[in-house]
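For reference, the structure discussed in these notes is given below.
None of the figures in this text is laboratory data; all of them are computed from the coordinates on show. Keep in mind the model is a prediction, meaning the values are calculated, not measured. Cβ: placed from backbone, ideal geometry, glycine included. Neighbour counts: every protein chain shown.
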Amino acid sequence: MAGNSLGKEFMVTTFGESHGNIVGVLIDGCPAGLSLSEKDFQDDLDQRIPAQPKIVSSRVERDAAKMLSGVFNGKTTGAPIVITVENKEINSGDYEQIKNLPRPGHSDYSAHIRYGGFNDFRGGGRFSGRITVALILAGTVAKRMLGKYGIDVLAYTTSIGKVRSEKSFSVDEIRKNRGLAATRCPDLVCGKKMEEAIVAAKNAGDSVGGIIECIVLNVPAGVGDPLFDALDADLAKALFGISAVKSVEFGAGFGVAEMFGSQNNDTFLIKDCCVTSATNNAGGILGGISSGEPIVVRVAIKPTPSIGREQRTVNLLTMEETVLNVKGRHDPCIVPKAVPAVESAVAITLVDHLMRTGFIPKVLLDKKD
């Protein structure tokens, strides 16, 4: 099955399936001169798998990136970059038994129709959360580029199921604490309650979803385009490329529907000789173009479709209703694994737009990384 692409100047194409030999990414348009090695990917790959085994699938891949092209003597060359990760922990037997029984809430049925039954159904194939590994590989490259210009992208969990943190986090708290919590929530006390909610759902043969927030610091004003190439529109498109995402909102989000204009409008003022705003209900984007305020975006992640409870479905061979009992290894909550994927989708989109405006050049002449 063909890969899927994102971006115009910084173009990212992912490939591979959940139970295939590899998953990987092709990055076209990365500027020459960026320091890059295989070890640079390890931290982000490790962040995908929480250390708490009770809240994740028993399929734990020891992922390691392998760069096949586009880097020479430790620097990007300007040529397309290909990076792969091998799939090792594969057990496809359980999927053979249910290949004609689409899982409710999963892409099984729509994929079967779209590809005439020829799609790789093992582990969800192209539609598996495993494919976010490829997105994370590209995100690592994008974040290294953004870091050269002081732009920071930070994603973290704010709720799982009905457990929600009401705290406001400083940037330092996010950086320090999110990696310490298996749920990737900077509120460590609330993070433990989130773990308990995941385990409770798992013990009941069920699953839970949650919300991930991502903030971007130091994006200059003027990045983006109106209408169909709007920065927020492209961010939303990239985020919806993560299959578990069902909703995206910026700034005050759906809350603006209940506000008066006098409440929603972010008043402009001068601070340190620069234009800023008193609030950030817009989430750092106005008219599809960055305002200079922090970009704030949240995504809602659905509960894992593959659950231990008996569910009703249909047999696509006999066209009769039947009962489905899903076996195999599945996450009771996708949210912690999705945090680095959300961060990566945002970083990739920002790099693409910054290259369109010329803020990031085609050759990085600064030798310092």
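Each label was represented as a point 7 Å from its Cα along the Cα-to-Cβ direction; for S5 and A51 these points are 4.1 nm apart. On the basis of the beta-carbon distance and an R0 of 30 Å, K271 and K246 show a calculated FRET efficiency of 0.20. Helical content alone sets the calculated 222 nm signal of the chain at -7500 deg cm²/dmol, taking -39,500 (n - 2.57) per DSSP H segment of four or more residues and averaging over every residue.
S291 sits among other residues whose Cβ lies under 12 Å from its own Cβ, and their net charge, with Lys and Arg +1 and Asp and Glu -1, is -3.
Summing charges over all other residues whose Cβ lies under 15 Å from the Cβ of F228, with Lys and Arg as +1 and Asp and Glu as -1, gives -2. Remark: relative contact order (the chain) = 23 percent; criterion is Cα-Cα distance under 8 angstrom and separation of 6 or more residues. Centre-to-centre separation between the Cα atoms of the stretch 1-55 and those of the stretch 212-255: 20 Å. Only one of (1) 37; (2) 44; (3) 29 was calculated from the structure for percent of Cα pairs over 31 Å apart, and its label is (1). What the phi angles of the stretch 275-286 give under the Karplus curve with 6.51, -1.76 and 1.60, with θ = phi - 60°, is a coupling list of 6, 9, 9, 6, 10, 9, 5, 6, x, x, 9, 10 Hz, glycine and proline written as x. Multiplying the residue separation of L316 and V199 by 0.36 nm and subtracting their alpha-carbon distance yields 38.8 nm. Taking the chain as a Gaussian network of alpha-carbon nodes connected by springs under 10 Å, the highest mean-square fluctuation of the residues E38, E86, E195 belongs to E38. For the listed residue pairs K193/K327; K176/K202; K8/K202; K162/K271; K8/K99, the alpha carbons are over 30 angstrom apart in K8/K202; K162/K271; K8/K99. Computed over the chain with a Gaussian network model linking Cα atoms closer than 10 Å, the most mobile of H19, H112, H330 is H112. Among beta bridges identified by DSSP and lying wholly in the chain, the antiparallel ones come to about 95 percent. All other residues whose Cβ lies under 12 angstrom from that of E173 are scored, Lys and Arg at +1 and Asp and Glu at -1, for a net of +2.
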